[in-house]
Structure formats: structure tokens, C-alpha cells
Amino acid sequence: MRERNLISLVIIIALSALSLYIALPVEKPDVIKSLAFWQDPRARDLQIKQGLDLKGGLQVLLTTSIESGQNITGTMETARNIIERRVNSLGTTEASVQLQGSDRILVELPGVNDRQLAIELIQKTGLLEFVDGGFSPPPDGTPISTTYSLYRGLQYPQTAAVGKAITDSGNITNTADLFQTAFTGEILENNAQPQANTGQFAVNFSIKPAAQKSFEEYTGKHIRQPLCMVLDGRVLSCPIIQGVLNSGGQITGRFTAEEARALAVTLNYGSLPIPMKIDTVRDIGATLGAESVRRSVIAGIIGLSVLALFLILYYRLPGLIGAFSLVAFALFSLALFVLMPITLTLPGIAGFLLSIATAVDANILVFERFKEELRGGRTLRGAVESAFNRAWSSIRDSNVSTLLTCVILFLFGNVFGASAVKGFAINLIMGIMMSLFVTMFVTRTLMRLAFYDAKPEMKENKVLLGI
């Protein structure tokens, strides 16, 4: 048992040191950045992200070209939801996407790393097509005319909600400047993901079950030929069909990390239900700024210090262990914020500070139960195990109730577009989960090391044990 506790102690020390390094505002080597393996490698700066209120960002105002007086309220809400998913797919959290009036959408992006990429993804109205590229496909970026964009004509009309089959006897003839559309973006499942592969980047995509037979038939007839992806009449990419595809495939090419991510986002959220254009773009400053960050940090340090002092004065040696656990909790949480990444706003910081209270509460439940077990005649070792076993049900129930409240807050913020409420809920949820880990692993390991092999005389030292 002692060897296992020592191994756990080494793990705690290593995790604490690593978390401290990750949380520091310094440039990290690639081996550390690789810990955030779910992010694109070139987007891993591993720095704490700050929200609009603390750092500022980019503001984009979109307007629709629909004639005034037309009822588009429901359509605008759908467009708002799609745009919100787009900007969050860029790695931007707590972005503000709000309807303004009946024909405008205001987008505010905190701490955007790639301004041009964000603007391009927001403004795309998203008529996504899969076009037969022939034997001489157009270069990427080329504007082309397609049968669907001009006449709603598809080679496989059964795969689209809207479409009219084209025949050789129709009004359309095959010319060099008119490309046949095989499918629209409706055939795609919304789960395209960029993937790093041997130093290059690719995009995985899936086909809806209803379109898989048609997609298999088309790819089987056009092996070694290009299938061009066209957005708003402009070629995105013309990958070569390497084999028969049914439920999905992988798009490879000379992509950068940013290009692969942009393509995946476009495949997922390419179609806006209404044409929109960018009216204004401007940088916005922080509403609170560096002074608020400094004061929040000071408040957090003071809060941690007061709680640690209280634990030590009231619980003595167990309290000292609890103080070390609080420091570990703060380090682990900050490292998690960096790796996720979580965009910190003032409400988010409030959620994090509140989660410190949950960590202290869990430790107090354990320490009080520890003292009761000692008064009941248990040995130090038995009191440690019994304290954690009996306190667990209270810790679990109290935290579950708080988690349910956080879920309600998150759903409220998601429905009403209140990003500050969502940020508060997310940070509090992460803090609660981290407090459970720290209490049941860090605090328990330190308590075992302190009391398992202690001399029996220690049990009589009531001052040391806080009894």
C-alpha cells in the first residue's frame, strides 16, 4: 500500500509541475502542444484565451438581401444558429451571435487568431455542390457555372430536397463553361473533421444513408476522376476519386491546418438558408480590460489564501493537506482551461472561483468525518479510509445537484444566446469535476501518506489533528 501511495504522490507532483508549466504565459515546445491533440497543430498556442470583456475581438455585422416586408423571422434564427456553429468550429468559444432587427445578425468574436478566415467563413452563404470535374478540372478558387446553381439540375435529384433532373433533350447543353452538379451539400452528415496524417492534413466526411447508394454509384463510375466541391459558384477543391465510396471518405491534398479546418467547417455548415452579406467589420476593444483581469487574479489569490489559512488553523495537519490540494486544484484547472481551450470572461472567472468553494466543501466533509471516526476510537489508518468512504455519498449528492443547476444554466444560455451564462456554467461544471478528482485522489493520497504509518502516539496529539 505504501508503494502505491508513493507512486500516486509522484504522479501528483508530476501533474502539478506540468500544469504549472502549461498555465504559464510562455511559448511551449511542440511536445507540450501535442497534449491538445484534438486541436489543429498550428493552432495550438496553449495560452489562456480571454473573452471580449477582457481582451476585445472582432465584430462583424451581416445583413440580408431579402426584400423588406418579407417574413423571414424563423429563417434568420436558423441562419444565426448556423453562423454560431461556424464560428465556434474555429475554436472560438463564448462568441456572441445575435439577431438585430429583422434582417441583421451581429457577430462578436473574442480573441480571433485568424481574422480573414473568420470573415470568410461568416460571409459564405453556402450553396455547396459536388460537381463532375471532367478530365480537366478547374483550379481551386475558379468561379464556375453549374447546372444546379443555374437551373436546380442534378445528376442525382433524388438526393436533394429541391432539384430537377437534366436530360440531353433539355434546355441545357454540356459546354466547356457549364459543369454538371452530381449532388448538393445535403448528402453530407454534419460531422466532417480535419485530421493530421504524416505531417499533412486531410478532412474526413460521412454521407447520409439516403444518399449512400447514389454516391456509391457515382464514385464507382468516376474512379481516378476529380469530384469538385463548389461553394457559391467557386471551386474549393477537386480531389481525385481513388475508389468506390459508400458511407463516406477522406479528402486529401496540400492543405494547411487552417485550410483543412475551414473545409471541414464548410462541409458541416455550408448552407445558410438565406443570402447574407457583410455590412461592416471592425475591431472592438475590451469592455473591462487588463485592470479587471489583474483584480480578478488578486481576488482569486486572496480567496485561496484565506481558505488555506482557515483550513490550517481549524483542521491543523489535515487542513495543511487540504491547502496543498487547493493549490493542486487551481493548477489543474488552469491547465485544463488552456488545453481545452476555454475562453475566460469575467462571469467565467466567477464560475471558476465558485468552484473553489466546492473543492473546499468536499475537503471539509472528509476532515469532519475523520475527526468523528477518531473520537469513535478508530485508528488513524482506519479513520482515513472510513472518512472518505462515508463522506463520499454527501460529496456526490451535493455536487450532482450543483451540476444539474449548471446544466439548466447552460441550456438557458444556449436557448437565449446568453454566452456569459454559458461560460459561467461551463467553468463551474469543469471546476466541480476537477474538485471531485482532487478530493478523491490528491487529498486521499496525502492523507494516507500522512497517517497510514504514523506512530500510535500521534492519535493523542489533539492539537496536531485539530480534534
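Key figures for this structure:
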| quantity | calculated |
| --- | --- |
| Among 240-251, 354-365, the order from most to least packed when residues are scored by Cβ within 10 Å on average | 354-365, 240-251 |
| Estimated distance in nm for a label pair at GLU189 and LEU313, the labels positioned 7 Å out from Cα along Cα-to-Cβ | 5.9 nm |
| Theoretical gain in end-to-end length, VAL297 to ASP45 [0.36 nm per residue, Cα-Cα removed] | 88.6 nm |
| Three semi-axes of the equivalent ellipsoid, segment 312-467, Cα gyration tensor, whole Å, largest first | 35, 15, 11 |
| Residue (of GLY382, LEU354, LEU465) at the positive-pole extreme of segment 353-467, dipole from beta-carbon charges | GLY382 |
| Under 14 Å, Cβ to Cβ, from LEU365 - net charge with Lys/Arg +1 and Asp/Glu -1 | 0 |
| Near-label residues of segment 355-372 by backbone N, under 17 Å of a point 7 Å along Cα→Cβ of VAL306 | 355-361 |
| Built amide H within the under 5 Å cut-off of SER237, gap 5+ | MET229 |
| Under-5 Å amide H pairs with GLY248, H placed in peptide plane, nonlocal only | ILE207 |
| 3J(HN,Hα) from dihedral phi, segment 138-152, Karplus parametrisation 6.51/-1.76/1.60, rounded to Hz, x for glycine, proline | x, x, 4, x, 6, x, 9, 9, 10, 5, 7, 5, 8, 10, 6 |
| Residue pairs, from the table LYS277/LYS422; LYS49/LYS277; LYS33/LYS277; LYS28/LYS55, whose Cα atoms sit over 31 Å apart | LYS33/LYS277 |
| Residues with amide H under 5 Å from that of GLY134, placed H, sequence gap 5 or more | none |
| Stretch gain in nm, segment LEU61-ARG381, where the contour uses 0.36 nm per residue and the Cα spacing is subtracted | 108.8 nm |
| Karplus 3J(HN,Hα) series, Hz, for segment 52-64 with 6.51 cos²θ - 1.76 cosθ + 1.60 (x for Gly, Pro) | 4, 6, 9, 10, x, x, 10, 10, 10, 10, 10, 10, 9 |
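None of the figures in this text is laboratory data; all of them are computed from the coordinates on show. Small disclaimer: the values here were computed from a predicted structure and weren't measured. Cβ sites come from the backbone with ideal geometry, for glycine too, and all protein chains shown count toward neighbours.
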